[in-house]
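These notes are about the structure you will find just below.
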Amino acid sequence: MRAEFSGNDVSLRSAPVITIDGPTASGKGTIAQRVAQILGWRVLDSGALYRLTALAVLREGGDGTDEAQAARLARNLDVRFEPEAIYMDGEDVGHLIRQEVVGNLASRVAAWPAVREALMARQRDFCRLPGLVADGRDMGTVVFPDAPLKIFLDAAVEVRAQRRYKQLKDKGFSANLASLLQDLRDRDARDRGRAHAPLVAAADAITMDSSRQGIDDVVRQVLDLWSARGPA
């Protein structure tokens, strides 16, 4: 099912947005889900779209070196998001896109302008009333630059590697902590150093460090910040 976006859509202009950007395994996805659930808003896991693109590339026999191929697949993704599943071409691939090989390829294809442009409308189409919590790497800088609340969630790379290791083990995947640590460092370098839409805190974003904070603490801070804004 292809998402459609029109710049004239009233709901897109009026729906409030909270963006949560940050590096891999900083906890932004979990925080976004919790905040959206409490507020009763929609949630956008933008990274899933890039992972789906990467999975499509792998299934077509690509190796992540062909920008045109990745952009074509991104434009034509047949995807559907459900509360407990992510479908591509009618198959639940939610567990497959969390594999490290897919995540690493997603980080590479996400550096290509043609791929990011192909997915832009899909991401913006999530922005509908009553509101949206969007997590990713360029939500506050590129996709929703006018969002009234922008969070940049960071954490020490060693802490993030431990989190990813536990996450993978809990899901039954094999994992090596040293390899994960290096992979995260490599991804950080790619994400922060790419020429198009690099990972960086928006000028008006509030930076939080989740290294020594629990999920509930961060969620509470985000909600307090939203409440402090007062009526829109």
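The values are calculated or read from the model by the stated rules, or taken from the named source; none is laboratory data. Since the model is a prediction, treat every value here as computed from it, not as a measurement. When we count neighbours, we look across all protein chains shown, and the Cβ atoms used for this are built from the backbone with ideal geometry, even at glycine.
Some points to look at:
- Helices (runs of 4 or more DSSP H) wholly inside region 9-71 that include at least 2 residues being in contact with a strand residue (DSSP E or B) (Cβ under 6 Å, 6 or more places away or on another chain) and buried (at least 18 other Cβ atoms within 10 Å of the Cβ): 28-39, 46-59
Table: residues versus (1) hydroxyl-bearing (Ser, Thr, Tyr); (2) more than 15 Å from the chain's Cα centre (by Cα); (3) under 20 Å from Thr19 (Cβ atoms).
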position	(1), (2), (3)
Val101	no, yes, no
Leu105	no, no, no
Arg116	no, no, yes
Pro130	no, yes, yes
Arg137	no, no, yes
Thr141	yes, no, yes
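- One residue stands out among those in region 196-230 that are among the charged types (D, E, K, R) and in a loop (DSSP other than H, G, I, E, B): the one that is modelled with the highest pLDDT, which is Asp204.
- Selection within region 92-114 - within 20 Å of Arg185 (Cβ to Cβ) and either assigned to a helix (DSSP H, G or I) or among the aromatic types (Phe, Trp, Tyr) (or both): Arg98, Glu100, Val101, Val102, Gly103, Asn104, Leu105, Ala106, Ser107, Arg108, Val109
Residue-wise test of (1) farther than 16 Å from Thr24 by Cβ; (2) buried (at least 20 other Cβ atoms within 10 Å of the Cβ); (3) not acidic (Asp, Glu).
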{"residue": "Asp92", "(1), (2), (3)": "yes, no, no"}
{"residue": "Leu105", "(1), (2), (3)": "no, yes, yes"}
{"residue": "Leu129", "(1), (2), (3)": "yes, no, yes"}
{"residue": "Ala155", "(1), (2), (3)": "no, yes, yes"}
{"residue": "Tyr165", "(1), (2), (3)": "no, no, yes"}
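- A count restricted to region 115-131 and to residues that are of a type in the set (Val, Ile, Thr) and not in a helix (DSSP H, G or I) stands at 0.
- Complete set of residues in region 45-87 that are touching a residue at least 12 places away in the same chain (Cβ under 8 Å) and acidic (Asp, Glu): Asp45, Glu60, Glu67, Asp78
- Single match in Gln221, Gln167, Gln182 (criterion: polar (S, T, N, Q) and either under 19 Å from Asp45 (Cβ atoms) or in contact with a His (Cβ under 9 Å, 6 or more places away or on another chain) (or both)): Gln167
- For Ala134, the criteria (1) in a strand (DSSP E or B); (2) touching a Gly at 6+ places or on another chain (Cβ under 8 Å) hold in every case but one, which is (2).
- Residue count for region 25-59, restricted to those that are within 24 Å of Arg98 (Cβ to Cβ) and either among the small types (Gly, Ala, Ser) or at pLDDT below 90 (or both): 11
- Residue match in region 163-179 (condition: among the basic types (Lys, Arg), touching a residue at least 40 places away in the same chain (Cβ under 8 Å) and assigned to a loop (DSSP other than H, G, I, E, B)): yes
- Where a residue in region 184-206 is without any contact (Cβ under 8 Å) to a residue 60 or more places away in the chain and its partner, wherever it lies, is outside any loop (DSSP other than H, G, I, E, B) and of a type in the set (S, T, N, Q), with Cβ under 7 Å and at least six apart: Val200/Thr141
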